[in-house]
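Worksheet for the structure shown next.
The values are calculated or read from the model by the stated rules, or taken from the named source; none is laboratory data. Since we're looking at a predicted model, the values are computed, not measured. All Cβ positions, glycine included, derive from the backbone under ideal geometry; neighbour counts span all protein chains shown. Only protein heavy atoms, including side chains, enter the accessible area calculation; ligands, DNA and RNA are left aside. Shrake-Rupley method; radii C 1.70, N 1.55, O 1.52, S 1.80 Å.
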Amino acid sequence: MLSKLKGWFTHLTNPVANVLISLGVTANIVTILGFVINVFAGILFAYERLILAGILIVVGGSFDMIDGAVARMRKVSDSSGALLDSVIDRYSEGAIFMGITVYFYKSSGLYGILGILLTFATMIGSFLVSYTRARSEGLAVECNVGLMQRTERLVLLAISVIANGILKDLVANNLILIMVLAILTIFTHITAVHRLIYSFRRLRNLSGE
């Protein structure tokens, strides 16, 4: 399902990439623009504008696909650009999670504390998913296995944020967002451990141990 969603997004992002290329915009500029959008999403979270924040998460995630499309269409293979993209992606996720933390901090009682704990647990899991892949590929082991990759995380988070904003008066205590954060916490850490085990075994096989 998510692979079909990625394909659908590609049909939307490629025309945008063509327009940006015609304007002389580089992939690195697109990466920075995506980061700025995600920072605004985090700010909107802090101000409890959940629906707009969820929409901006989708837009910011689209920019993450657009920068890759721009690089491919310009036939640019730039290691420095890939490094920038990876680091900025982590900053983008951090900005979103910081906004969610502020949002739950402004909530009262047990659910606010639970929301903060789950936000931090999800952030740690998300960073470990990305770090495990980066570290493995730095050791010459391709590692793109696992369920909860960045696109999946952003899609689930955006849907839950928008739904939580729409149904906030019907579903109390931000239960929709808390439930999805719990799911993200579990599956990001499962994905990180999966990648660790996969890469560990590959490295042992390569070394002949």
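Using a 1.4 Å probe over the heavy atoms of the protein chains, calculate the carbon and sulfur portion of the accessible area of the stretch 61-190 as a whole percent.
Reported share for carbon and sulfur atoms: 69 percent.
Convert each backbone phi in the stretch 114-124 into a coupling constant with the Karplus relation 6.51 cos²θ - 1.76 cosθ + 1.60 (shift: θ = phi - 60°), then list the ³J(HN,Hα) values in order as whole Hz, x for Gly and Pro.
For the stretch 114-124, the Karplus curve yields 4, x, 5, 4, 5, 4, 5, 5, 5, 4, 4 Hz.
Using 0.36 nm times the number of residues separating Ala140 and Leu23, minus their current alpha carbon distance, what extension gain do you get?
Working it through step by step, the gained length comes to 38.5 nm.
First measure r as the distance between the Cβ atoms of Ile166 and Val87, then evaluate 1/(1 + (r/R0)^6) with R0 = 35 Å and state the FRET efficiency to the nearest 0.05.
For R0 = 35 Å, the calculated efficiency reads 0.55.
Evaluate the distance, in nm, between pseudo-label points positioned 7 Å from the Cα of Leu52 and of Leu110 along their respective Cα→Cβ axes.
3.4 nm
To the nearest 500 deg cm²/dmol, what mean residue ellipticity at 222 nm is calculated for the chain from DSSP H runs of n ≥ 4 alone, each contributing -39,500 (n - 2.57), summed and divided by the residues?
Rounded to the nearest 500, the figure is -29000 deg cm²/dmol.
Semi-axes of the chain's equivalent ellipsoid from the Cα gyration tensor, sqrt of 5 times each eigenvalue, largest first, rounded to whole Å?
Equivalent ellipsoid of the chain: 29, 24, 14 Å, largest first.
Once the whole set of protein chains is in place, how much accessible area is left on Phe120, using a 1.4 Å probe, in Å² to the nearest 10?
Number for this one is 100 Å².
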